[in-house]
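Here's the structure we're looking at; comments come further down.
Any read-out appearing in this document is the output of simple, stated calculations on the displayed coordinates, not a laboratory observation. Keep in mind that what you see is a predicted model, and the values were worked out from it rather than measured. Here the Cβ positions follow ideal geometry from the backbone for every residue, glycine too, while neighbour counts run over all protein chains shown.
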Amino acid sequence: MLTKKFRKQRELLRSAIEAIWGMNMRFLQRVSVTFVVCAASVFGQNSAPVSPTNVTDVFERAVSGPERATLALAQKMPEDRYDFVPVKGEFKSVRTFAQLAKHIAVDNYVNGAALLGEKPPFESGPHESGPDSIRSKAEVMKFLRDSFVYLHKATATVNERNLMEIVDLPDGDRVARLTVVTAAISHPWDIYGQMIEYLRMNGIDPQKI
């Protein structure tokens, strides 16, 4: 059950979303509230939360949740297990732990570049797992950390006035900026779930991070 603090945060989030005109409000509320609740459930906050003042603040906070969560998992996994990949069951051609972290970074760069209207600073690489030259734990963590810095920079350009502006993706698709932001926030959480399973398979309890 949500604490009083998080219920208040959810209500503030809903109010911020309702300020956006001309959109499917029910969809936005469901998606954005889910992101904030997920972040809150993974990382508690000791200090009183500061109310978001606009939709940009809402999205920025939603990016910070998976940023903290995935970096914590990447830090927790020992370097000698970064090449770990499950072998029991149907796990053919799945990514290693390092590649999962790098895949998040690649997606951050792709989405960030779309919002900024520029070319992604890194090639997606094989299996969208980034450059092969990035191998060590320190290199992977820097790649992941820097990608969130880039994504924050891009998310900061999104506001109530330009949410529905169309931007170009590297694959040629053209979508609304809102679509890019929601994808950028949700994708790391998907990979986060896989990273947790990899840690558990190596005897590491992610709840003790």
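So if R0 is 45 Å, what FRET efficiency would E118 and K88 give, r being the distance between their Cβ atoms, rounded to the nearest 0.05? With R0 = 45 Å, the Cβ-Cβ based efficiency is 0.60.
Restricting the calculation to Cα atoms, the range 54-208 yields a radius of gyration followed by a Dmax of 15.8, 50 Å. Averaging the sequence gap over all C-alpha pairs within less than 8 Å and six or more residues apart, then dividing by the number of residues, gives the range 62-209 a relative contact order of 32 percent.
Bridging of K88 to aspartates and glutamates at a Cα separation below 14 Å is possible for E197, once same-chain residues fewer than 8 apart are set aside. Hey, which aspartates and glutamates would be in cross-link range of K76, C-alpha to C-alpha under 12 Å, not counting anything within fewer than 8 residues on its own chain? In chain and number order, the partners are D205. Taking the alpha carbon gyration tensor of the range 80-147, multiplying each eigenvalue by 5 and rooting it gives semi-axes of 24, 14, 9 Å, largest first.
Residues whose amide H lies under 5 Å from that of V175, counting only those 5 or more places away or on a different chain, are V167, L169; hydrogens are built 1.01 Å from N in the peptide plane.
Length gained on full extension, R200 to D80: 41.7 nm, using 0.36 nm per residue less the C-alpha separation. Listed by chain and number, the aspartates and glutamates whose C-alpha is less than 17 Å from the C-alpha of K119, apart from same-chain residues fewer than 8 away, are D107, E128, D146, D168, D171, D173.
Were the residues from V50 through V149 laid out at 0.36 nm apart, the gain over their Cα-Cα distance would be 33.5 nm.
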